[in-house]
Every structure is written in structure tokens, then in C-alpha cells.
1. Taking the simple approach of a point 7 Å from Cα along Cα-to-Cβ for both residue 6 and residue 527, what is their distance in nm?
2. With everything on Cα atoms, drop me the angle between helix 527-540 and the longest principal axis of the chain, reported from 0 to 90° to the nearest 10.
3. With θ set to phi - 60°, apply the Karplus curve 6.51 cos²θ - 1.76 cosθ + 1.60 along the range 422-429 and write out the HN-Hα couplings as whole Hz, x wherever there is a Gly or Pro.
4. Students often forget the sequence filter, so: which aspartates and glutamates lie under 13 Å Cα-Cα from residue 9 once same-chain residues fewer than 8 apart are removed?
5. Where the centroid of each part is defined by its Cα atoms, how far is the range 240-271 from the range 539-578 in Å?
6. Past the 16 angstrom mark, what percentage of all C-alpha to C-alpha distances in the range 255-321 do you count?
7. So what is Rg over Rh here for the chain, counting just Cα atoms and using Kirkwood for Rh?
8. When only C-alpha pairs under 8 Å and at least 6 residues apart count, what is the relative contact order of the chain, in percent?
Amino acid sequence: MKRIFHYLKPYTFLAIISPLLMMGEVIADLCLPRLMTVIVDCGIAANGDVSSSKLGSTVMNILYGAGPYTSMQVIVTFGVLMLVIVLIGGFFGVSCAYTAARASQSLGNDLRRDAYSRVMSLSIEQTDKFTTGSLVTRMTNDITMVVDFTEMFLRMLVRAPMFFVGGLFMLLTMNVSFGIVMLCALPVMAIMLFCVLGRAIPLYSTVQKKLDRVNSVVQENVTGARVVKAYVSEEHEGKRFDEANADLMDTNFKVQKLMAVMHPVLTVVMNAAIIAIIYIGGWQLDNAFGTGMTTGSIMAAITYVTQILMSIMMVTMVLQSVSRAMASSKRIGEVLDSAPVIVSGDVKESKDDIAVSLKNVGFRYPETHGRPVLHDINLDIKRGETLAIIGATGSGKTSLVNLIPRFYDAVEGEVFVDGVPVKEYDLEALRHKISFVLQKSELFSGTVSDNIRMGKDDATEEEIQMAARTAQAEHFISGFSDGFESYIAEKGASLSGGQKQRMSIARAVVRKPEILILDDSTSALDLATEAKLRASLESEMKDTTVIMIAQRIASVKNADRIAVIEDGTIRDCAPHDILMETSATYRDIYNSQMGNGGQANE
Ligand code: DUT
Ligand code: MG
């Protein structure tokens, strides 16, 4: 909750001016019944004789000089005065609504922005821990709760107490006997509030949790719609949703049932108080006690009683909102407080003959406690070299290259890029040096050029076409009806696997990176296209250090060196010809792919 007020800081001016403006509105509202008293008592009942009212005689004296005044004069003067005050009050009210909305919406905007950038800076494992569904609820529903609360708070902060205190003051200064009515009504209200809110407030945090559950079931089923359909598990999933949904409804229903009691009780108390005031007032009027009781003051008293009891209603609303906002702000705080595991360093530039170097590197995923995925990795890759990595599935190839742009940090040893440990690099500078083509091509909805331009914001048309040509993608792109302006569906659903891979490669090469990492990025291409791609990469990107993961011997054969990975470590690293002589593992892979079915041909 403290954090929310911290976020309100930039809008201190708005946050302070809103309650002040609200004060104006409340004062105007509190003045009106008093003016009406004069109209009723002096204008109507006493035919323009203002001597009984101090307010009446003062105002009339200033405006028209000494009396006597006609009854019409008094009624019109005070009528116009009431109109003016209503307009002033209205102006203050509208301004307050504006400033309060402005402050709270800006706060919401900032909060969402910070939460979003925090979510983006979290590492993959941290996002998994929160779950996607919960992160989305936190960023939308929870922030909305906080924004609603802030707005209500800024408006009600002075409104409710002022109506309460001001109304009570006005009531008592008019006639002390009206105080007795409030003395009876207030305890009844207090007891009711205590009973209802005491039980409703804890339920609010439960509602939020149930909502989370409904959201996460919906999220899972919408994103996994294909799987749900493929396994015809609509019924099972539907049941799961129904349960969560019914649960949410039950809790909401409980809260509403409690809240439903409040309104009738308030109405009864209010009307009882009004009856009491009319009765007491009328009795005093009849018996002419000399207490100064008048018809006008009874009318005004009724308005004040309504305002006082309404202010209590407002307090309940604020309390409800507080309890919701507290639950929500705690959930938002959890996101904002999760420190990113990968922290940026400050080295921006470096050059070295050894582009990438791994020294005694060991790595394990945080969630796997057992065997390390990588161990004792030692590897130097020279600038401009093409290094291929080959190895069985699950041997740790992807994990190894993930360490270079710091998707994960090595657990042991150190990874260097251009002679500087990656941990000391400015993350942005490091990732700018590197283009990474992921094993699973990820494209975004947008045009072909949009997708390629992701690699380089300011790429020209020529650069984009050049990159597509290098990636052997130009041919199929020009086959589309709109060429480079053709629209690609979400996640590249409108492209084939091999087309997606080539798009991803085009996106990587448009930047002309210093280091290009291709993680099994040609697996869906036929051998002829792959050979062409390799040749064009070689001629177009002479100075680029290429790290290329592949499963096929044909893909790696021409690389300067080939690293053979087995069980999380590099067994051998040499050019093809030498590996054929020295590496049994490499020979095994070679033979299995050349059709000898794994028989060694020594
Ligand atoms: N692993 C995890 N968590 C992950 C990713 C992988 O525990 O988020 C494990 C699975 C595997 C090992 O790490 O046992 C190595 O995985 P990697 O993806 O590095 O293997 P690969 O050589 O790239 O396999 P493939 O050829 O199938 O891509
Ligand atoms: Mg892999």
C-alpha cells in the first residue's frame, strides 16, 4: 500500500488539489439548506420579514439597504443565491472528478509500465514461477483495482468526513434537540457497519484468488485450444472451468448478500431519523417553546441528516475498496519486487581476436537438481571462424549457446565475448553483437518486412531484400501476392517450417552481427537449399563469427572446426577430416547418416 502512495508522488499536485476542490463542493452542498431555511421561514412564512434570521437580514441589508422587503424579493434573492452556489459547487465537483481521475489513471499507467518492464526483465524461470495467467491478472485486474481505489480515495478523503462533521455542526447550531436524533441513529449504523464489513472484507481477498483461478483455466484452454481439441477433452476442461466459475460466483454471492443488508438498514435508519426530526420539530413548533424552531430549519435538518448518513455510506464504500486494493497491491508488489536474476554490467565496447571463449564452464538448470547439463567446457572461437556443434539430442547444444547472450548464466567457469566476461557487459551491447536464430522459429504477426526489420530498426528496403536473399528467402517471398508487404499470421502460422526458419535467418543477418548463432536453424531445409544458404552466408558474412548447431554431417562438414558434444561436454573439436581420423563419436554419427546403419567402416 505504501508503494501506491509512492507512485502518486509525481502527481502530488493533483493529489493535493483534488481533496481541496472536493472541499469546495462539500461547503457549497452544506450551505444550500441554510439558504433554503431563509426562503421558507422569511420569504414564505413571514412575508418577507427577515428579522428572525441573522443570515437573511445581513444579506438583504447588503443588497437592498434597510428593509422592509417584499416576500418575492427574499425568495428570488435567495433562490438566485442558491443557484450560484450550486453552480460553484458543481464546478468544484467536476474539477475534482477530473483531477482525481487524472492522478489515478496516470498512477495506473506508471504502475502498469513498471510492472510490464519488470515482467520483461525477468528470466524465463521467474516467469514460469508466477505462471502466465497470474501475471496477466496482476497487470490488468489488480492494477485496475488499485486505480479505482486511488480515485475513490482522493475524492472521498475529505468528502465523507466533511459531510459528517460539517453536517453535524450545521445540525447542532440550528437546534440542539436534533442532536438527540443523531445520537440514536449513529450507534445503530455503527453496529451494522461493524457486523457487515467485519465479515465482508476478508471475503474480498478470497474473491481475488478465485478470479485468478478462473483466469488461469481460461488462459490455459485458450492458448492450448489445439491440444484440447486434439484430445477431445472439451468436456473435462469445461467441467474444470465450471468448478472454478461456480466457486467464484459463490464467494461473490456471499459478499453481495452481506452488502445487500446495508442499503435497507440505511434507508430505515434514515427515514426513522427524518420522522423523529419532523416529530420533535413539529412538537416544539406547536408548543412554542421559544427554542427558535421553524419550518425552514426542520426542512434543512432533514437534508443534513441525509448528508450525514450518506457520508457513512461513503465510508463503507471506501473501506470495501481499501480491502480490495490492499489484496491487489500486495500481488502487484510481488511482481515489482522480484529482482531480475540476470543483471546488466557496464562494458559497452570491446574487440579481441578470440570472439567467444568458454573456460571451464559448467551449467545446470535451476529446476534440475541432479546432473549438470554442461560440465568442463573449454572452447575458443576465433573472430571470423565458423564453428559447428554436433551431438545427440538432449546433449546440451542449445544450453551451451544460450550462455553466450546470457539467456542463462554459467554456474561454473566463465564465458568471454571479445575477451570480456559476459557478466560485465551491458546486456544491450552484448545482445547487439549477437544474432541468435532460435531452434524454434518465432515470428510475430505483421508484414514480412516488419519481421525482418526486428533485427535492425532502421534497415532500408535494400538491406531487407539483401538479408532475404542471403537467407534464401527472397524466392518464396516474391511468390507472395504482396511480396515483402505480405501479412504473416500470428506466430507465423501462414508459413511452412522451412520458410519460417529462413525468415528467422533473414532477421538475424540483416543486422550484420559480429557473432551469428544458428541453433539447428536449417533442419527443415532440403540439402540443396541448405548448401546454397551456407554458401551465401559464407560470401556475405566473411567477418562474422558463426556458431552453427546441426544434426546432419552434411550441414557441418565444411565448417572450420566441428565441436562434438556428448553428455554435456566437448569430446572433440577439429575440422571434419581430422575428426574422421580421431573421433570415434564423430565417426559413429557420420556412419549412421551415410547409410551404414551405424557400422564402423574402419
Ligand atoms: N533442459 C532443462 N531445462 C530446459 C532446457 C533443457 O532441464 O529449460 C535439459 C534437458 C536436457 C538438457 O537440459 O537433458 C540439455 O538440453 P538442450 O536443449 O541443451 O539439448 P540439445 O542438445 O539442444 O537438444 P536438441 O538437439 O534436442 O535440441
Ligand atoms: Mg537444442
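1. The two pseudo-label positions are separated by 6.2 nm.
2. 80
3. Values, residue by residue: 4, 5, 8, 6, 5, 4, 5, 4 Hz.
4. 110
5. 67
6. On the way: 1215 of 2211 pairs.
Cα-Cα pairs in the range 255-321 separated by more than 16 Å: 55 percent.
7. Rg/Rh for the chain comes to 1.22.
8. On the way: 865 pairs, mean separation 78.4, N = 602.
Answer for the chain is 13 percent.
FYI, it's all coordinate maths here, none of it is from the lab. Keep in mind that this is a model prediction, so the values were computed, not measured. Note that we place each Cβ from the backbone using ideal geometry, even for glycine, and neighbour counts take in every protein chain shown.
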